[in-house]
Amino acid sequence: MQIQKALGVYKTNQFSTMSKEKLLLMLYEGALKFLARAQAALEGGDNDSVHNNLIKVQDILLELNNSLDKQRGGVVAENLELLYDYMYDRLVEANVQKKVEPIREVESMLMDLRDTWNDAINLYRYGSWAK
């Protein structure tokens, strides 16, 4: 029991000390992981697993949306809000109709966002912005 408690404290400390950039990338990675699980479950006919994994991705999208700073982020934050809302709606459609196309569409969009943010973070840390 103490090991479980220690692991819980470790995980809490790990997330609370993580940079916002790293946390953002982890959210994208988590969403992509749950989308892959939802697709596999859909192909296997496991509708409960499809539902549960899509709900996890929707929760991540809500968290990403709620974390937007529209004051400082301006047009970029506004566009991300629209994009997150669109992806959320597509996943609702995928969940209700048990269709793979919306899942693949959201997966592609999240991969692009993850890659773009990763490039931006690296450019800021190691590229011309950091000089």
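The values are calculated or read from the model by the stated rules, or taken from the named source; none is laboratory data. A quick note: this is a predicted structure, and the numbers were derived from the prediction, not measured. Here the Cβ is made from the backbone with ideal geometry for all residues, glycine too, and neighbour counts use every protein chain on show. The accessibility values were calculated without ligands, DNA or RNA, using every heavy atom of the protein model including side chains. Shrake-Rupley method; radii C 1.70, N 1.55, O 1.52, S 1.80 Å.
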Order the peptides 65-75, 88-98 from the highest to the lowest mean number of other Cβ atoms within 10 Å of their residues. 88-98, 65-75
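Probe radius 1.4 Å, ligands and nucleic acids ignored: give me the carbon and sulfur share of the accessible area of segment 63-108 as a rounded percent.
47
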Around Asn65, with a cut-off of 9 angstrom between Cβ atoms, what is the net charge of the other residues, counting Lys and Arg +1 and Asp and Glu -1? -3
For segment 25-131, what is the accessible area per residue in Å² when the probe is 1.4 Å? 60
